[in-house]
Structures are given as structure tokens and as C-alpha cells.
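Asker: Handing you this structure, nothing more for now.
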Amino acid sequence: MAIIPLIAVLLLFGILTGANFFALGASTFLIVIQLAKHFSNRWIEAIEVARFVEAHEVTVGQSVGVGMKITNRSGYWIPWMLIDEKISKRYTKLPPVALQILVSTVQLLSFSPKKTTLYRYALETQRRGYYQLGPTLLETGDLLGLHRSFRIANQPDYITVLPKLIVLEGFEVSSRRPMGDLKVEDRVLEDPTLLSGLREYRSGDPMNRVHWKATARTGTLHTRVFQPTCVQGAMLLLDMHESTNESRNEPVRSDLAVTAAASIAHWLYQNAEPFGLISNGRDAAERMRELNKRSLYNDRSSAIANIEMKSQNNRLSPIVLGASRTPEHFAQLHRMLARLERTDGLKLDQLLIETESRIPKLLSLIVIAQRIDQAGLFALEMFRRRGYALTVLLNCHQELYLENASPLIAAKIPVIPLYDQESITQYLQHQTAR
């Protein structure tokens, strides 16, 4: 130990100079400091913390219980230990609050040898998202306050808060194309694979529909009549680029867009219709961070540095979830929408070009965006001309609707306003694709 030679030098100095009391006092002080450091380090290394999360997936408004099991594995008596379960202030303080702490996450405890302590705290979820719970920061020190030790005791856990689902009634996303599986009354398009009967030939009927056997049997021209059908289902395209989703509107507008997308997908799932998701947003799960649990720290600031989720991610590839209608598919889409965040990656026009080959023409394309720039408008108009059944849900304030919707209306692209959660049921009951 480096302190022993120093004590020897001090004692020798005291003997040679006659300053015995000074040398003895200084040596005692150094010994006490070394003992304080030794015991505080041993105490903090002896503590083991296990976290048990009641549920890793909840919906907005539900509470989450978190249990903590804290064990002193050593034979030391530990006079005090501060257990600080770190939860970012971005979740709990900045408005709008995402997580409401119902029971304190900080506990001051003492431990007998081999003692185990349990405590529980609770959180109420108020916004959809992907949130980090922990890690647990330990702090202890000697009774004289000469030395403090800090340690990260465990890895963080993560909970997914799923967006709420709003019940839609009378909502229609049908794509008016033949050879579908949904019968309709509108006979603009008929499915040539579903024969519904025969009738006498009328002027203008195409000759390839003439039923020659019936004509030969009756001596009068007869035409085949087919059952009109359409394809019902949609690909949801959610624009989450920072240039068209301004920070001053966040997180209210992006949460509203996610709620609308989840509600539409849920309606399609309940009606056994195909649905999928495309977005240029970022998956928050890609920002998880692995922490070193073995390192000891001498101050709190160095211990808590970089324990939160990463703030940057260089992912540029879009999020694409193909069309399906299974319950597992909806659960995956619902989970993905909960974790979706704004990004500075692909813009809307780049996203459309990148994913065009993965967007089925038989399904309606529902674009949810706050604002469409000139390049995005050009890309949407190109999609409409190529035969896509396209609708835009304009997620903006009422006073900005006419300004943002005018270019889309001029390009003959159907637009539906999305002002708030009430307007989801008010406006989305109309037919959105033809």
C-alpha cells in the first residue's frame, strides 16, 4: 500500500525533528482515510441489486410496478447505503410528463451482514414511448464523511408504452380494384372471377362477355354479369422527418399521428383486412446502452455520465412492415408505433422512392404527415398517377389546414384533416380512398 511508506516517512520526520505529536496525528489521519476508503469500497461491492418489472408492455394510462431486491452478500455491517433508481428527468419532469412516479425511487437503507431488503415503486404511464428504467446507482461512505464510493449495480430495463386505440366506426379504406374479396354495391368495377348470372345483351356490352352457350340455346344474345368487389386494406405511411415535424409541435403532433395510425390498423385487423406500416422514423430500441457494473466511481457526476439511452443513431434505412392480417402482425405494428421517434434521415419523397417496390398497389396508401413539402408533393402526385389509391391525413392545427392542404387539393390528392384525437373519429369515418 502506498500509504505505508508515507506514514513511515512522517514518523521518521517526527523523531528527527521532535515533532512527535504532529507526526502521530498526521499518520493517524492517513490511516483513518485509508480505512474509510477500504471499507466504503468493500461495502459498495458487497451489495447486489435485482430489478423485477411487473410488465414490459403496457398501454397509456396503466401503472407499472417495479420491485427491487437488495442483498448484502458480505459479512460487513453497512451503516448506510443510498439506493437511487435512475429515471431520466426527460420522462418525469419535462412537460408533457411521460412517466408519473407514484412512489419514490430513492431509498436510504442500512444492512446487517447477509441481509436482504425488498422495496417497490410504481410509475403511471401518460405518453406512448420506449422508456428506460434504471440503472440503480449505489452510494455509500464512512461515518466521518471522508470518502464516498459510487457504483452502477445493474443493467437498465425498458418498458414499451403502447399508444391508445380509438374505436373507429364506419371507417372505409377500400381500394376500388377488381378481383378483391369484399362485395360492394357500386358496380363501377366487377370481378371477372365471380360470375353472378346472365342477362340479355345490351348495346355497349363488350363481346368478350357474351355467353355463347346461352345465346345458342335461346337464340338471343346473352351477356355474363359479374359480382362487383373491391380490395379493402391499407399501407400506413407515417412521416417522422424533423424538417416536416417541427420541434415546437412535439411531442403532441407525433403522438397524435401514431394514435391515428394505430387506430386505423386496429380497425383493419378487427375486420380481417391486410395492413402494414412504412415510416422514416427511428426505432427507439436501437438506442439502448450496455453499462459497466463493475467500475467504482469517486463522485456522482462521473457515475451517472452516459447512463441514459443514446441520443444519436445513424440509421438511415426506413422501417417497413409488410401487409398482413394476423394478431401477431398487429402486435408487432402496435409495438413498433410505440417506439417510433422523429429522425433526420430520409425525407418523405426519398422514403416513397425507396419503398415503392414494397407498397402493394392493391391496397390503399394512407399517408399521415404534418406538412408536405414540394418534393414530397411531387412524389405523392407521381404515386397517384401510377394508380395508387392514395389519401393524406394532414396532422396540423386547424388554422394551418387550408395553407397545408391547398397544394394537395390542387394536385387532386384526397386530404382529410387531423386536428386532435376527437377529430380521428369525427373525420376518419368518411371514405378515404377510391
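Asker: Being more than 25 Å from the chain's Cα centre (by Cα) and in the same structural domain as Val58 (by TED's automatic domain parsing): is that true of Gly129 here? Spell out how you get there, then give the answer.
Answerer: On the way: more than 25 Å from the chain's Cα centre (by Cα): no; in the same structural domain as Val58 (by TED's automatic domain parsing): yes.
No; evaluated as a whole, the condition is false for this residue.
Asker: For the stretch 387-399, indicate whether the set of residues that are under 16 Å from Pro318 (Cβ atoms) and surrounded by 15 or more Cβ atoms within 10 Å (Cβ to Cβ) is non-empty. Even if it seems obvious, please write down each step before you answer.
Answerer: The first filter runs over the stretch 387-399 and keeps only residues under 16 Å from Pro318 (Cβ atoms), leaving none.
Taking every residue of the stretch 387-399 in turn, none turns out to be under 16 Å from Pro318 (Cβ atoms) and surrounded by 15 or more Cβ atoms within 10 Å (Cβ to Cβ).
Asker: Within the stretch 44-135, which strands (runs of 3 or more DSSP E) (wholly inside it) include 3 or more residues that are within 21 Å of Ser295 (Cα to Cα), in contact (Cβ under 8 Å) with a residue 24 or more places away in the chain and not basic (Lys, Arg)?
Answerer: Fully inside the stretch 44-135 and qualifying: 47-53, 63-72, 78-85.
Asker: Taking Leu408 as the residue in question, decide whether it is among the aliphatic types (A, V, I, L, M), in contact with a helix residue (DSSP H, G or I) (Cβ under 9 Å, 6 or more places away or on another chain) and at pLDDT below 90. Reasoning before the result, please.
Answerer: Working: among the aliphatic types (A, V, I, L, M): yes; in contact with a helix residue (DSSP H, G or I) (Cβ under 9 Å, 6 or more places away or on another chain): yes; at pLDDT below 90: no.
So Leu408 fails the test.
Asker: Next question. Determine, yes or no, whether Arg371 is in the same structural domain as Asn249 (by TED's automatic domain parsing), in contact with an Asp or Glu (Cβ under 9 Å, 6 or more places away or on another chain), modelled with pLDDT of 90 or more and among the basic types (Lys, Arg). Break it down into steps so the answer makes sense when it comes.
Answerer: Details: in the same structural domain as Asn249 (by TED's automatic domain parsing): yes; in contact with an Asp or Glu (Cβ under 9 Å, 6 or more places away or on another chain): yes; modelled with pLDDT of 90 or more: yes; among the basic types (Lys, Arg): yes.
Criteria met by Arg371.
Asker: Another question, then. Tell me yes or no: at least one residue of the stretch 304-324 is in a helix (DSSP H, G or I) and of a type in the set (A, V, I, L, M).
Answerer: Our first condition is that a residue be in a helix (DSSP H, G or I); within the stretch 304-324, this holds for 304.
Then drop every residue that is not of a type in the set (A, V, I, L, M), which leaves 304.
Yes, the stretch 304-324 contains at least one residue that is in a helix (DSSP H, G or I) and of a type in the set (A, V, I, L, M).
Asker: Restricting to the stretch 136-160, name every residue that is aliphatic (A, V, I, L, M) and assigned to a strand (DSSP E or B). Outline the logic, then answer.
Answerer: Narrowing the stretch 136-160 to residues aliphatic (A, V, I, L, M): 137-138, 143-144, 146, 152-153, 159.
Answer for the stretch 136-160, where residues must be aliphatic (A, V, I, L, M) and assigned to a strand (DSSP E or B): Leu137, Leu138, Ile152, Ile159.
Asker: Does Ile304 satisfy the criteria of being in contact with a strand residue (DSSP E or B) (Cβ under 9 Å, 6 or more places away or on another chain), at pLDDT 90 or above and surrounded by 14 or more Cβ atoms within 10 Å (Cβ to Cβ)? Lay out the reasoning, then the answer.
Answerer: On the way: in contact with a strand residue (DSSP E or B) (Cβ under 9 Å, 6 or more places away or on another chain): yes; at pLDDT 90 or above: no; surrounded by 14 or more Cβ atoms within 10 Å (Cβ to Cβ): yes.
It is false that Ile304 is in contact with a strand residue (DSSP E or B) (Cβ under 9 Å, 6 or more places away or on another chain), at pLDDT 90 or above and surrounded by 14 or more Cβ atoms within 10 Å (Cβ to Cβ).
Asker: Mind checking which pairs have a first residue in the stretch 200-218 that is in a helix (DSSP H, G or I) and a second that is surrounded by 12 or more Cβ atoms within 10 Å (Cβ to Cβ), Cβ under 6 Å, 6 or more apart or different chains?
Answerer: Short answer, once both residue conditions are applied: Arg209/Thr223; Arg209/Arg224; Ala214/Leu198; Ala214/His222; Thr215/Leu221; Thr215/His222.
Asker: For the stretch 325-341, which residues satisfy the criterion of being part of a loop (DSSP other than H, G, I, E, B) and touching a strand residue (DSSP E or B) at 6+ places or on another chain (Cβ under 9 Å)?
Answerer: Answer for the stretch 325-341, where residues must be part of a loop (DSSP other than H, G, I, E, B) and touching a strand residue (DSSP E or B) at 6+ places or on another chain (Cβ under 9 Å): just Arg325.
Asker: Need the failing condition index for Gly376 against (1) modelled with pLDDT of 90 or more; (2) closer than 26 Å to His266 by Cα; (3) touching a Lys or Arg at 6+ places or on another chain (Cβ under 8 Å), just the number.
Answerer: Status for Gly376: all satisfied but (2).
Asker: Run Asn72 past the list (1) loosely packed, with under 14 Cβ neighbours inside 10 Å; (2) at pLDDT 95 or above; (3) in contact with a Pro (Cβ under 7 Å, 6 or more places away or on another chain) and report the number of the one that doesn't hold.
Answerer: Result: Asn72 passes all but (1).
Asker: Which count do you get for residues in the stretch 310-338 that are modelled with pLDDT under 80 and either surrounded by 10 or more Cβ atoms within 10 Å (Cβ to Cβ) or among the hydrophobic types (A, V, I, L, M, F, W, C) (or both)? Don't jump to the end; show me each part of the working.
Answerer: As a first pass, look at the stretch 310-338 and keep what is modelled with pLDDT under 80: 310-316.
Narrowing the set further to residues that are either surrounded by 10 or more Cβ atoms within 10 Å (Cβ to Cβ) or among the hydrophobic types (A, V, I, L, M, F, W, C) (or both) leaves 310, 313, 315-316.
Of the residues in that region, 4 qualify.
Asker: Still on this structure: Test of understanding: among Val258, Val252, Val210, which residue is out of contact with any helix residue (DSSP H, G or I) (no Cβ under 6 Å at 6 or more places or on another chain), under 22 Å from Arg339 (Cβ atoms) and outside the structural domain of Pro96 (by TED's automatic domain parsing)? Outline the logic, then answer.
Answerer: Numbers: Val258 fails: out of contact with any helix residue (DSSP H, G or I) (no Cβ under 6 Å at 6 or more places or on another chain); Val210 fails: under 22 Å from Arg339 (Cβ atoms).
Exactly one residue qualifies, and that residue is Val252.
Asker: Also: For Ile166, which of the numbered conditions (1) more than 26 Å from the chain's Cα centre (by Cα); (2) outside any strand (DSSP E or B) fails to hold?
Answerer: (1)
Asker: Condition test on Leu237, is it closer than 19 Å to Val392 by Cβ, in the same structural domain as Phe383 (by TED's automatic domain parsing), at pLDDT 90 or above and part of a strand (DSSP E or B)? Outline the logic, then answer.
Answerer: Values: closer than 19 Å to Val392 by Cβ: yes; in the same structural domain as Phe383 (by TED's automatic domain parsing): yes; at pLDDT 90 or above: yes; part of a strand (DSSP E or B): yes.
Spelling it out, Leu237 is indeed closer than 19 Å to Val392 by Cβ, in the same structural domain as Phe383 (by TED's automatic domain parsing), at pLDDT 90 or above and part of a strand (DSSP E or B).
Asker: State the number of residues belonging to the stretch 411-428 that are in a loop (DSSP other than H, G, I, E, B) and at pLDDT below 85.
Answerer: If we filter the stretch 411-428 for residues that are in a loop (DSSP other than H, G, I, E, B), which is where we start, we get 411-414, 419-420, 428.
Cutting the leftovers down to at pLDDT below 85 gives us 428.
Number of matching residues: 1.
The values are calculated or read from the model by the stated rules, or taken from the named source; none is laboratory data. Just so it is clear, the structure is predicted and the values come from calculations on it, not from any experiment. No Cβ is skipped: glycine too gets one built from the backbone with ideal geometry, and neighbour counts run over all protein chains shown.
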